[in-house]
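Single-structure report; data block below.
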Amino acid sequence: MYQSFDAFEYIEYLRRRWRVAAIACGVAVLLSLPLSLLLPKRYTATASIVIEPPGNTDTRTAIVVSPMYLESLKTYERFADSDSLFSRAAEKFHLQAGGAARPIESLKRSVLKVSKLRDTKIMEISVTLTDPRLAQSVAQYLAEETVSLSHGESLDADLESITSSEKQAAASARKLSEVQQAWAALTVREPVESLQGELDSSVEMRGKLRQQLVDAQANIAEYQEQGKADSQFAKEQLQSERARENVIEKKLQELTRSIQQLGATMASRSAKRDALQNEVKSAQTASEAAAVRLRELRAAAGNRGERLRVMDPGIVPQRPSSPNVPLNVAGSWLSALTGSIVYLSFAFVKRRRAAGFEPTVTRGMRA
């Protein structure tokens, strides 16, 4: 025999058996209240750290504070949440003191909570202990050590860059010294000034010889005209001028070859000097750039990354964070009420089945 579910009958059934729920809720409250009062009180102290942008004022490397950037700051939670840091704090404040010492991992899970507030640059370090003063001291210690650890990591990274820059600066200085020494040796070994003076003198001498050759050729032409008159003096002078012409031409040829050799030597030395001078300038530029880079790195050491600062070391908590007696009692009362209703619901369904009735919900399930 099937009969549809009657809500009024169900509510009347629960009303008649209200004592079951009342007894269950009362027992739950009577049990949870003393148990909550007997639990050891635990206090939570919270220290706050603000994560500031890098101290570099160069607008070319300015950081845009965007949600993605703020989310990336969660990596700094690893500094405060590191096992080594908490282990040092546990040793300093004797958090594992007692007969049955807890493993450090279990102790950290129950004591420490690190979180960066969403869309902010603030990170909170919460420590929960039975001693409120100890909780505040541990939270402040962890915050200060987190700042020091972050600064140390940033400084170590900068020191690596400084060491690399120092090597580059030293190499550039050595290169500059080498090319400067080579330049000094070249100026002594292959001077240009004296060679230029010798070349200028030779060119000037060649001009004079060419003038003398022109004069000798003019005299020869004159004496040849006089020789037509069968003058003995003219013939003798003609021979003399021709001999003089031959001597001048020979000297001129030798001087021309000497000038060509001096010019080739001068060009070779000038090319070497120009190439070496370019090397000196290039080495000077590289050395100056490396020195400037090194000065900038030393000036910005420890300030190129985000800077952590303890914004609030926290206060000694006055009220315990656990146990929360009202919440425990309310939770127990609600659980007992829910359990009672579930129990009475099953009893109601069982009673109807025993009486030969079956709710439509059950009929639908069978169908």
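Observations on the structure shown:
- Check on Val127, more than 27 Å from the chain's Cα centre (by Cα), of a type outside the set (Ser, Thr, Tyr) and not in a helix (DSSP H, G or I): yes
- Conditions (1) open to solvent by less than 70 Å² (accessible area, probe 1.4 Å); (2) under 19 Å from Arg309 (Cα atoms); number of the one not met by Lys113: (1)
- Residue check, Arg244 charged (D, E, K, R), surrounded by 13 or more Cβ atoms within 10 Å (Cβ to Cβ) and free of Cβ contacts under 8 Å to residues at least 60 places away in the same chain: yes
- Filtered by the rule that a residue be at pLDDT below 85, open to solvent by 50 Å² or more (accessible area, probe 1.4 Å), touching a strand residue (DSSP E or B) at 6+ places or on another chain (Cβ under 8 Å) and part of a loop (DSSP other than H, G, I, E, B), region 293-329 gives a lone residue, Ser321.
- In region 82-95, the qualifying residues are those that are part of a loop (DSSP other than H, G, I, E, B) and open to solvent by less than 70 Å² (accessible area, probe 1.4 Å), and the one that is farthest from Thr146 (Cα to Cα) is Leu95.
- Condition check for Leu142: open to solvent by less than 40 Å² (accessible area, probe 1.4 Å), in a helix (DSSP H, G or I) and farther than 28 Å from Ala275 by Cα: yes
- Filtered by the rule that a residue be touching a Leu at 6+ places or on another chain (Cβ under 6 Å) and open to solvent by 50 Å² or more (accessible area, probe 1.4 Å), region 167-197 gives a lone residue, Trp183.
- On inspection, Ser282 passes the criterion of being among the hydroxyl-bearing types (Ser, Thr, Tyr) and at pLDDT 90 or above.
- Unmet criterion (only one of (1) of a type outside the set (A, V, I, L, M, F, W, C); (2) surrounded by fewer than 16 Cβ atoms within 10 Å (Cβ to Cβ); (3) at pLDDT below 85) for Gln237: (2)
- The listed residue being among the aliphatic types (A, V, I, L, M) and within 28 Å of the chain's Cα centre (by Cα), out of Leu199, Leu142: Leu142
- For Lys108: the one exception among (1) within 29 Å of the chain's Cα centre (by Cα); (2) crowded, with 16+ Cβ neighbours inside 10 Å: (1)
- Some residue of region 40-59 being open to solvent by 70 Å² or more (accessible area, probe 1.4 Å), β-branched (Val, Ile, Thr), modelled with pLDDT under 85 and over 23 Å from Pro320 (Cα atoms): yes
- Meets criteria (in contact with a helix residue (DSSP H, G or I) (Cβ under 9 Å, 6 or more places away or on another chain) and closer than 30 Å to Glu249 by Cα) for Leu186: no
The values are calculated or read from the model by the stated rules, or taken from the named source; none is laboratory data. Everything numeric here is computed off the predicted structure, so don't read it as measured data. When we count neighbours, we look across all protein chains shown, and the Cβ atoms used for this are built from the backbone with ideal geometry, even at glycine. These area figures cover heavy atoms from the full protein model, side chains too; ligands, DNA and RNA do not enter into them. Shrake-Rupley method; radii C 1.70, N 1.55, O 1.52, S 1.80 Å.
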